[in-house]
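Asks: Quick one: the structure is below, questions incoming.
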Amino acid sequence: MVGEPITATVTPSNFNPKHTPTFSWTSTGGRVTGKDTSATIDTNNVPPGNYAVTVQVTDPKSKKANEASCSATYAVKPLPPKNPPTMSLSANPTELVPGGTVNLSGSCTSPDGVPVSVANWTSTSGSVSGSGTSATLNTAGLQPGPVTVTATCTDSRGLTVQASTQVNVQAPPPVDKALEARLALHSVYFPTAQPSAKDPRGGLLPSQQQTLLGLATDFQKYLQAKPDAHLTLEGHADHRGSPAFNQALTERRVARVKSFLVEQGVPESAIDTKAFGAERNLTTDQAKESIFQNPDLTTEERKRALARINVIRMASNRRVDVALSAAGQTETSARQFPFNSTDALSLIGGREKAKKPAAKRTPKKAVKKQ
């Protein structure tokens, strides 16, 4: 190969063994160095090709038959190619509102087939985490505008190349105040001791599933404007049962609500859970207040609910509260515990029946006497 040294060796014969011959080396390709039976040929910068090295052996003390020469051929081959690697980066998505994350992928290959590696992910704003060919860009807190992400590929010979991709951070759409209002604190209610340890997916009543279906739909729309928003699930239980039983029960309740929301498309990473057991029970006064504030109750229904306020209070404590929060804000949900009239009224005999209108009386026809 070009740059590799070549050694040439000569073996003279039929010279007077008592005399010391001299050696003169020449080469048609590369600088040759040598004074005796061995010489070295430097092939640095020698164009690839076929060359010959020649040596002239002379016995200066002899007057006859005192010279001999010989040659050997050699080939200089080109070095293997040293092409730098090639690289490309991709981002998904390429457009998003602040707060979202971008999946980054790097593809690097060597035209010469040597090993390569990707590292040194950087961005002009935001934060990049990851190693190798995959990384993640976090856009939390960024202003609208382009973000350039760069990575470096290095091959096993030290040759490097950089590649970049661009992500466009868009201004978030305005928050729909009506949508945000609908996401005010929701509560879903469970029957006594539900879900059980044997059936952790049970106990979510159809009416409560409807509540969560609407919540999931609204929250996914809300994420388009507030991608850093979170739902916090807080589980509660009534005062009956031991602390250990109530703690495990509330953990199952928040787990059931979370799994249902995830099944409806809410990102699992956007849901936080807390289980309080019976630590934060609503008081009787708070239960009464929820009855008075509910505009859906008739006077008669409100009267029946107040008459069984202890039953209503315990039913109200068998719940999971779903609160809305976002970065920079503590809890945006109103701290008003809704009174779920549809299910709670079943505890006091159901809804008040509508009065039927009085039937019209049909006048009787006169009967002629025979």
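The values are calculated or read from the model by the stated rules, or taken from the named source; none is laboratory data. Given the structure is predicted, the values throughout are model-derived calculations rather than measurements. All Cβ positions, even for glycine, are placed from backbone atoms using ideal geometry, and neighbour counts span all protein chains on display.
Asks: Given the options F276, F245, name the one that is of a type in the set (F, W, Y), surrounded by fewer than 20 Cβ atoms within 10 Å (Cβ to Cβ), under 19 Å from K198 (Cα atoms) and in the same structural domain as Q209 (by TED's automatic domain parsing).
Replies: Values: F276 fails: under 19 Å from K198 (Cα atoms).
Criteria check complete, one pass: F245.
Asks: Please work out which residue is modelled with the lowest pLDDT, limiting yourself to the range 285-308 and to residues that are under 25 Å from G203 (Cβ atoms) and polar (S, T, N, Q).
Replies: N294
Asks: Sticking with this one: All but one of (1) surrounded by fewer than 14 Cβ atoms within 10 Å (Cβ to Cβ); (2) at pLDDT below 95; (3) of a type in the set (V, I, T) hold for T58, so report the exception by its number.
Replies: The failed condition is (1).
Asks: Which one of T133, T217, T211, T192 is over 27 Å from V257 (Cβ atoms) and β-branched (V, I, T)?
Replies: Criteria check complete, one pass: T133.
Asks: How many residues does the range 84-134 hold that are in contact (Cβ under 8 Å) with a residue 24 or more places away in the chain, exposed (fewer than 14 other Cβ atoms within 10 Å of the Cβ), over 17 Å from the mean Cα position of the chain (by Cα) and in a loop (DSSP other than H, G, I, E, B)?
Replies: Looking only at that region, the number is 3.
Asks: OK, next. Select from the range 146-198 the residues that are in a loop (DSSP other than H, G, I, E, B) and in contact with a Phe, Trp or Tyr (Cβ under 9 Å, 6 or more places away or on another chain) and write down the one among them that is modelled with the lowest pLDDT. Can you show your working first?
Replies: Filtering the range 146-198 for residues in a loop (DSSP other than H, G, I, E, B) gives 156-159, 170-176, 183-185, 190-198.
If we keep only those that are in contact with a Phe, Trp or Tyr (Cβ under 9 Å, 6 or more places away or on another chain) as well, we get 175-176, 183, 185, 193.
Details: V175: 78, D176: 81, L183: 83, L185: 73, A193: 91.
Ranking the qualifying residues of the range 146-198, first place goes to L185.
Asks: Do any strands (runs of 3 or more DSSP E) entirely within the range 1-83 hold 1 or more residues that are under 60 Å from the mean Cα position of the chain (by Cα), and if so, which? Before the answer, list the steps.
Replies: Working: elements: 6-9, 22-27, 31-33, 38-42, 49-58, 67-76.
Where strands (runs of 3 or more DSSP E) fall fully within the range 1-83 and carry at least 1 residues being under 60 Å from the mean Cα position of the chain (by Cα), they are 6-9, 38-42, 49-58, 67-76.
Asks: Further question on the same structure: Which numbered condition trips up Y74, out of (1) farther than 30 Å from T11 by Cα; (2) surrounded by 13 or more Cβ atoms within 10 Å (Cβ to Cβ)?
Replies: Of the numbered conditions (1) farther than 30 Å from T11 by Cα; (2) surrounded by 13 or more Cβ atoms within 10 Å (Cβ to Cβ), the odd one out for Y74 is (1).
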